[in-house]
1. For the stretch 273-304, which positions are assigned to a loop (DSSP other than H, G, I, E, B) and under 14 Å from Pro68 (Cβ atoms)?
2. Here's a check for you: in the stretch 476-517, which residue that is in contact with a Gly (Cβ under 9 Å, 6 or more places away or on another chain) and of a type in the set (D, E, K, R) is nearest to Ala458 (Cα to Cα)?
3. For residues in the stretch 493-516 being in contact (Cβ under 8 Å) with a residue 24 or more places away in the chain and part of a strand (DSSP E or B), which is farthest from Gln453 (Cα to Cα)?
4. Across the stretch 326-340, which residue is surrounded by the fewest Cβ atoms within 10 Å (Cβ to Cβ) among those that are in contact (Cβ under 8 Å) with a residue 24 or more places away in the chain and not in a loop (DSSP other than H, G, I, E, B)?
5. Can you spot a residue in the stretch 230-246 that is in contact with a Cys (Cβ under 9 Å, 6 or more places away or on another chain) and β-branched (Val, Ile, Thr)?
6. Under the condition of being more than 21 Å from the chain's Cα centre (by Cα) and β-branched (Val, Ile, Thr), which residue from the stretch 411-459 is nearest to Asp142 (Cα to Cα)?
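The values are calculated or read from the model by the stated rules, or taken from the named source; none is laboratory data. These numbers come from a predicted model, not from an experiment. All Cβ positions, glycine included, derive from the backbone under ideal geometry; neighbour counts span all protein chains shown.
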Amino acid sequence: MNVVTKADGAVVATTNGQLRGAMNNGIHTFKGIPYGASTAGENRFLAPQPVKPWTGVRDANEFGLRAPQHARAAVPANAWIRSDTPIGEDCLRLNIYTPAVSESASGASNRPVMVYLHGGGYNAGAGDAPGIDGSNLARQGDVVVVTVNHRLNVFGFCHFGAGAPEPFADSGNVGMLDIVVALQWVRDNIAVFGGDAGNVTIYGQSGGASKVAVLMTMPAAKGLFHKAIMQSGSSHLRLATLETTARALHALLAQLDMPGSDPAALQKIPTQTLLDAYKASVAVTYGNDSFRPVIDGRALLNDPFDLESPDLATNIPLMVGSCETEKSFYDVVADPATLPMTRDQLFAGVKRFVGIDAAATATLIDDYESRRPAISMRDLFNVLTSDHMYRRNAITAAERKSVQGGAPAYLYEFTWKTPVLGGMLKSPHTLCIPFVFGTVNVAEAFVGAGPEQDALSAKVMGAWLAFARTGNPNYEGLPQWSAFDAQTRPTMIFDNQTMAVGDPKPKDRIAINRCPDFVSDEQWSALD
């Protein structure tokens with residue numbers, strides 16, 4: 001028998017040893033489960049190493065360490081998405097929320113599994129922020145929710161080039177290989193937590209959405225998941241290159257005053273020293289952070305959704321979308337005196353952010369403003385840059401997925417506007433998260449509270465749960481949501497009046513698509 005139920009939680013037997021969880025309002029929680037060995041010392045920059053089995057029963061009641069990272073600005077409005085767990089290199093941990101455990105790996109384990117990949121770009125974040133607690137989602141949908149910590153920034157994505165010694169050949173993508181190993185652990189163990197290893201959905205927001213896209217093109221990840229959801233991804237169409245990672249490494253070594261690339265020497269540098277050098281190296285390259293997944297010819301062979309490359313995710317249904325004013329999220333930590341914009345400031349900001357010349361900038365601003373005659377300059381900046389950085393990427397992913405054929409894509413947009421802070425945020429980045437997880441009460445300082453929030457959360461949770469169960473987000477509480485096609489462009493609008501719309505805001509889509517398809521320095525530094 002693999003399960004012993006006690007007052008302080010259930011004990012389950014995994015492939016590495018027994019774990020004791022806890023019970024919280026009818027949901028079993030198992031926190032800080034190791035799926036890989038510590039990445040410190042001689043394991044730094046290496047592909048994830050196996051966990052050594054343990055004897056006896058290991059308590060799984062505390063979250064594991066966050067990957068090394070610098071603190072991000074926190075105010076009451078965004079505290080729900082921040083983690084204050086200590087950092088450290090023994091960070092390959094995952095957390096599980098489940099309505100019931102199973103007595104054996106071969107028992108009744110038919111609950112869909114939802115594996116969430118946190119945001120924070122590829123440089124920050126953790127799977128234990130209060131707003132991504134999986135308890136309510138597990139309870140509402142009778143599903144198993146998993147959240148994951150993995151290596152980030154220089155520790156997870158430091159590519160040493162083709163001449164690196166063999167043990168370090170995968171160093172540029174070990175952060176993604178960590179997630180692959182986590183998914184393998186889920187495959188091998190989730191049955192004893194009541195989950196179905198044959199029905200796994202990966203989903204993530206912002207940087208987490210980009211990780212989902214990368215997994216869809218990783219040969220090593222094929223077969224480990226069966227559905228994918230990408231929420232507000234900004235850089236999911238393009239990965240780092242050998243050239244950009246070489247420049248990043250050069251800048252890092254300069255900060256450390258090292259004459260050449262010696263991975264073994266870098267393994268001996270104290271964690272905080274290496275972390276500080278990483279931050280400084282990004283700063284001197286104008287915020288252009290190339291410590292991120294790289295097309296290295298090993299773990300990654302091509303950009304996600306590349307129509308000229310083999311599609312490894314033909315049979316994977318995709319749900320993808322964004323929020324209307326993603327960029328306003330960053331206003332919560334801005335100096336209020338800087339928020340009002342003059343027209344000159346709007347022009348300069350859009351020109352730099354979008355990367356077009358003066359004439360094209362003026363045309364783009366006039367085009368957007370003509371459909372919004374009463375809009376403030378700050379709100380116009382947020383709408384326009386959000387379309388460039390997020391919405392058009394979501395649309396492009398849906399377009400390419402539909403062209404590739406196979407499993408369908410479903411496109412959405414959040415236009416619901418939060419009332420907090422006088423309504424200044426409109427529909428900001430991360431807005432979707434508490435509605436998906438059913439944690440609007442935890443994120444009250446960000447989304448407010450009341451029947452309006454509860455009703456929208458019920459609709460959103462219903463769609464995400466239906467998709468995780470069947471690969472189709474339609475259910476009784478939602479208007480008919482058709483799969484995306486390039487002709488009718490069906491899009492589900494999540495708002496107080498949730499509705500399916502064919503090709504919403506087509507003139508905005510056409511205007512923003514005239515802009516260059518690249519990520520500016522400001523966009524790299526703003527990734528969350």
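1. Phe291
2. Once the filter is applied, the top-ranked residue is Glu476.
3. Ile493
4. Val333
5. Yes, there is a match, as at least one residue in the stretch 230-246 is in contact with a Cys (Cβ under 9 Å, 6 or more places away or on another chain) and β-branched (Val, Ile, Thr).
6. Per the criteria, the residue is Thr418.
Table: residues versus (1) touching a strand residue (DSSP E or B) at 6+ places or on another chain (Cβ under 8 Å); (2) polar (S, T, N, Q); (3) buried (at least 23 other Cβ atoms within 10 Å of the Cβ).
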| position | (1), (2), (3) |
| --- | --- |
| Gly208 | yes, no, yes |
| Lys222 | no, no, no |
| Ala228 | yes, no, yes |
| Arg238 | no, no, no |
| Leu242 | yes, no, no |
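To keep it simple, each residue is scored yes or no on (1) over 30 Å from Ser261 (Cα atoms); (2) outside any loop (DSSP other than H, G, I, E, B); (3) modelled with pLDDT of 95 or more.
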residue: Asn16; (1), (2), (3): yes, no, yes
residue: Thr29; (1), (2), (3): yes, yes, yes
residue: Gly32; (1), (2), (3): yes, yes, yes
residue: Glu42; (1), (2), (3): no, yes, yes
residue: Phe45; (1), (2), (3): no, no, yes
residue: Thr55; (1), (2), (3): yes, no, yes
residue: Gly64; (1), (2), (3): yes, no, yes
residue: Val75; (1), (2), (3): yes, no, no
residue: Glu103; (1), (2), (3): yes, no, no
